[in-house]
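Shown next, in structure tokens, is the structure this report addresses.
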Amino acid sequence: LEEVSAKEPKNGDIQLLLAKSYLELQQHDAAIRSAEKAVALDPQNSVFHEWLGRAYGDKADRAGWFSAISLAKKTRKEFQMAVDLDDRNFSARQALVEFDCSAPGLVGGGEEKARPQIQKLMALDAAEGYYAAGNCRRQKKDFAGADEQFTKSLESRPRSAELIYDIGDYAMKRAQPERLFSVAEAGEQAAPNDPRGKFYRGVGLVLIKEKPEQAERLFEEYLGRAPKRNGYPSRAWVHAWLGRLYENKNNLAEAREEFESALRLDPRNKIAQEELKKLKKN
């Protein structure tokens, strides 16, 4: 992409791809530069503004307090611009809702700003609207409210795999097996070739302690097909849930090995940390 961008310096689509690639690599300054170039080349492109907002937001999450304020304000401005330019840029509107529901008024956030955006999504696409409402409740730690809205979203047949599997991530962290099965079914209908449904279905089986052989096979199939990419459950998560599976079968040596593998890949994996502590204590 860098080679092609040097040959085609006025191609905004290449700059967008570069920005996305740099974000995957957590090279935030490079991502911002590429996204800013894309916006400069085509200021009326909603997607370019959305991804510039995402680049600013990712850097803000890792910046010091003073820098984060400036970056957060820029983040919201770009999300708002993306929405203004394209009424049906659902991912940009979802990003704007999440920002407003999670960010303080100091940087332009506020739940009262999110409400009209949620209503607009409801009018355009019910599944998107219910998801936005649920995500807002999640940001506010109102998990009962989030549960209700996410259930309605899945029942409304969402078309976005990213939306569906974000609900899957929520259900995994909240230990909700039935929702995980609903997520897997909805995801497989929306994107039949996306392997994430296998992972979340496997997690659901581990939680209800049924069909361990099927769960293990699903995890293996997911590992064989899933890209190493943001938005996809990591290999560390797979090892952590394999550890839980072996723990259910009382194969404690194998469970310990999986939890240790998870922590080698991601030392902050909470499931692996907690389960390994329990194994050592016992």
* To do: Go ahead and estimate [θ] at 222 nm for the chain from helices alone: -39,500 (n - 2.57) per DSSP H run with n ≥ 4, summed, over the residue count, rounded to 500.
  => -25000 deg cm²/dmol
* **Net charge, M172 excluded, C-beta distance under 13 Å - Lys, Arg +1, Asp, Glu -1** => +4
* Which translational diffusion coefficient, to the nearest whole µm²/s, is obtained for segment 145-246 from the Stokes-Einstein equation, given a Kirkwood hydrodynamic radius over C-alpha pairs, 10 °C and 1.306 mPa s? -> 119 µm²/s
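Please list the equivalent ellipsoid semi-axes of segment 200-278, computed as the square roots of five times the alpha-carbon gyration tensor eigenvalues, in descending order and whole angstrom.
Working through the eigenvalues yields semi-axes of 18, 17, 10 Å.
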* When the Cα centres of segment 182-241 and segment 141-180 are compared, how far apart do they sit, in Å? -> 15 Å
* Structure fact -> Once both label points are put 7 Å beyond Cα along the C-beta direction, the S156-S21 separation in nm becomes 3.7 nm
* How many nm is it between the label spots at K277 and I69, if each spot is 7 Å from the Cα in line with the beta carbon? -> 3.6 nm
* Asked: How far is helix 143-155 tilted off the main Cα axis of the chain, in degrees rounded to 10, range 0 to 90?
  -> 80 degrees
* Summing +1 for each Lys or Arg and -1 for each Asp or Glu, what net charge is found among the other residues whose Cβ lies under 14 Å from the Cβ of A68? -> +3
* Might you tell me the accessible area per residue for the chain, computed with a 1.4 Å probe and given in Å²? => 52 Å²
* To do: Treating only the Cβ atoms of Lys and Arg (+1) and Asp and Glu (-1) as charged, compute the dipole magnitude of segment 234-281 about its Cα centre; round to the nearest 20 debye.
  => 180 debye
* For segment 234-281, convex hull of alpha carbons as volume per residue, Å³ -> 54 Å³
* To do: Run the dipole for segment 50-203 about the Cα centre, Lys and Arg Cβ at +1, Asp and Glu Cβ at -1, nothing else charged, and hand back the magnitude in debye, nearest 20.
  => 380 debye
* Asked: Size of segment 81-169 along its principal axes in angstrom, Cα-based, largest extent first?
  -> 35, 30, 20
* Cα centre as origin, Lys/Arg/Asp/Glu Cβ charges: the chain dipole, Debye -> 740 debye
* Asked: Summing +1 for each Lys or Arg and -1 for each Asp or Glu, what net charge is found among the other residues whose Cβ lies under 12 Å from the Cβ of E247?
  -> 0
* **Overall dimensions of the chain as given by Cα atoms, namely Rg and Dmax in Å** => 20.3, 62
* **Inter-label distance, nm, simple model (7 Å from Cα along the C-beta direction), A144/L1** => 4.5 nm
* Dipole-positive endmost among S91, L245, S34 within the chain (Cβ charges, Cα centre) -> L245
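The values are calculated or read from the model by the stated rules, or taken from the named source; none is laboratory data. The shown structure was predicted, so the numbers you read here are calculated from the model rather than taken from an experiment. No Cβ is skipped: glycine too gets one built from the backbone with ideal geometry, and neighbour counts run over all protein chains shown. We work out accessible area using only protein heavy atoms, side chains counted, and drop any ligands, DNA or RNA first. Shrake-Rupley method; radii C 1.70, N 1.55, O 1.52, S 1.80 Å.
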